[in-house]
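Only one structure is covered here, and it is reproduced in the block below.
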Amino acid sequence: MLRLRSIPRLLLRDARAQSKMVYPWELPSIMRKHILTGAMGTVYFVLLSGMYLVTFGNGIGMRYWQWGLLSGASSFALLLQLLSAYVVSRTGSRRSLWFVAAMAGRTLRIVAITAAFALHSRFGSRATLVFIVLLVLANAFEAIAVPPWFSWLADIIPRDEHGRFMGRRSAWIALANVWIVVPIGFAMDRLGGGSNLNLLMLLFGFGSVLGIVDLVIHRTIPDPPVKRSRKARFWREVARPLKDRRFRPWLIFNVLWTFGMTLGGSLATIYFVENLGIRRNFFGGSLVLILVPLAATAVAGKYLGTLVDRLGVKRTLR
């Protein structure tokens, strides 16, 4: 049986086996994979969250307070990112930790939707309970996957190309979403998708395939060696950025921003879907919630990325 104390050793062994130097001639292929998988992953999240997931949840009987409970519990799951980052610093394993956590998160999301669909007609409120519990677990694993992914991305893309690459990546991801998600919204309206749970399940199945293939392709990107910190201690690592005077303003901003977005955002999509009628007009919802911001990203992403490389993040952001 696998013991918890053996997990760091397994991750360390896997990190040694998979880490390799990345050569300049490999970067174009790596960047193309990053863009392709980014587009697939974004389409996955658009289709298995947001207005489609809310429409499905309301169809199985979710109430406002249950959506709030789901959002609040998922917010606490973000604390697991501290543990995830600590494991990376101790073991140097990024790709394996990211892959296992991301795959677990996406699998649990698929299972949550499938189980709720199968149970709602016979068990009613129990279906919503299963839906909430499994989605919170899915969000927890997806939170664990974030720190190793960002660390991996930051190391593999040259520092002087970060802005241009992310701008180009954002632009292509936006275009892919416009080409795929907006036509899907149009088709869902014509087929009565807002009141047809079977059709929503087909949509979730398509998105799930994209999400799994995204992870499989992304795992083929090499992971540069990571400098491990054998003497790192969890609370010492947590306290280090808090002692940095330059970091604290960013932390305060993030706390306020996250609180405001969580407070207002937990029910915003429910309001859009139910009160503004998006469940009867997915095409209109796709235009307002997806096409407009993504089109702006596609047009401006490349130029903003170049400004980041030239002027820095802070000046460009301001």
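To keep it simple, each residue is scored yes or no on (1) small (Gly, Ala, Ser); (2) part of a helix (DSSP H, G or I); (3) surrounded by 18 or more Cβ atoms within 10 Å (Cβ to Cβ); (4) under 18 Å from the mean Cα position of the chain (by Cα).
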site: Arg168; (1), (2), (3), (4): no, yes, yes, no
site: Ala176; (1), (2), (3), (4): yes, yes, yes, yes
site: Ala187; (1), (2), (3), (4): yes, yes, no, no
site: Asn198; (1), (2), (3), (4): no, yes, no, no
site: Leu203; (1), (2), (3), (4): no, yes, yes, no
site: Ile212; (1), (2), (3), (4): no, yes, no, yes
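Among the residues that make up segment 9-26, is at least one of them at pLDDT below 85, within 25 Å of Asp214 (Cβ to Cβ) and β-branched (Val, Ile, Thr)?
For segment 9-26, residues at pLDDT below 85, within 25 Å of Asp214 (Cβ to Cβ) and β-branched (Val, Ile, Thr): present.
Evaluate segment 266-273: report whether one residue or more is out of contact with any Pro (no Cβ under 9 Å at 6 or more places or on another chain), crowded, with 18+ Cβ neighbours inside 10 Å and not in a helix (DSSP H, G or I).
The answer is yes, given that some residue of segment 266-273 is out of contact with any Pro (no Cβ under 9 Å at 6 or more places or on another chain), crowded, with 18+ Cβ neighbours inside 10 Å and not in a helix (DSSP H, G or I).
Thr297: touching a helix residue (DSSP H, G or I) at 6+ places or on another chain (Cβ under 7 Å), of a type outside the set (Lys, Arg) and at pLDDT 75 or above, yes or no?
Here the answer is no, as Thr297 does not meet what is asked.
So how many residues does segment 80-97 have that are in a helix (DSSP H, G or I) and either in contact with a strand residue (DSSP E or B) (Cβ under 9 Å, 6 or more places away or on another chain) or of a type in the set (S, T, N, Q) (or both)?
The number of residues fulfilling the criteria is 6.
Which residues, counting only those in segment 132-149, are closer than 17 Å to Phe99 by Cβ and of a type in the set (Val, Ile, Thr)?
Of everything in segment 132-149, those that are closer than 17 Å to Phe99 by Cβ and of a type in the set (Val, Ile, Thr) turn out to be Ile144, Val146.
Filter segment 150-166 for residues that are closer than 13 Å to Val226 by Cα and touching a residue at least 12 places away in the same chain (Cβ under 8 Å); which is surrounded by the most Cβ atoms within 10 Å (Cβ to Cβ)?
Only one residue tops the list, namely Trp152.
Just to be sure before I move on: is Ser121 surrounded by fewer than 22 Cβ atoms within 10 Å (Cβ to Cβ), of a type in the set (S, T, N, Q) and either in contact with a helix residue (DSSP H, G or I) (Cβ under 9 Å, 6 or more places away or on another chain) or part of a helix (DSSP H, G or I) (or both) in the structure I sent?
yes
Mind checking which pairs have a first residue in segment 27-53 that is among the polar types (S, T, N, Q) and a second that is in a helix (DSSP H, G or I) and surrounded by 18 or more Cβ atoms within 10 Å (Cβ to Cβ), Cβ under 6 Å, 6 or more apart or different chains?
From segment 27-53, the pairs are Thr37/Asp214; Thr37/His218; Thr42/Ile173; Thr42/Asn177.
What's the number of the condition Leu307 fails, among (1) surrounded by 15 or more Cβ atoms within 10 Å (Cβ to Cβ); (2) free of Cβ contacts under 8 Å to residues at least 60 places away in the same chain?
Looking at each condition in turn, Leu307 falls short on (2).
The values are calculated or read from the model by the stated rules, or taken from the named source; none is laboratory data. The model shown is predicted, which means the values in this text are computed figures rather than measured ones. No Cβ is skipped: glycine too gets one built from the backbone with ideal geometry, and neighbour counts run over all protein chains shown.
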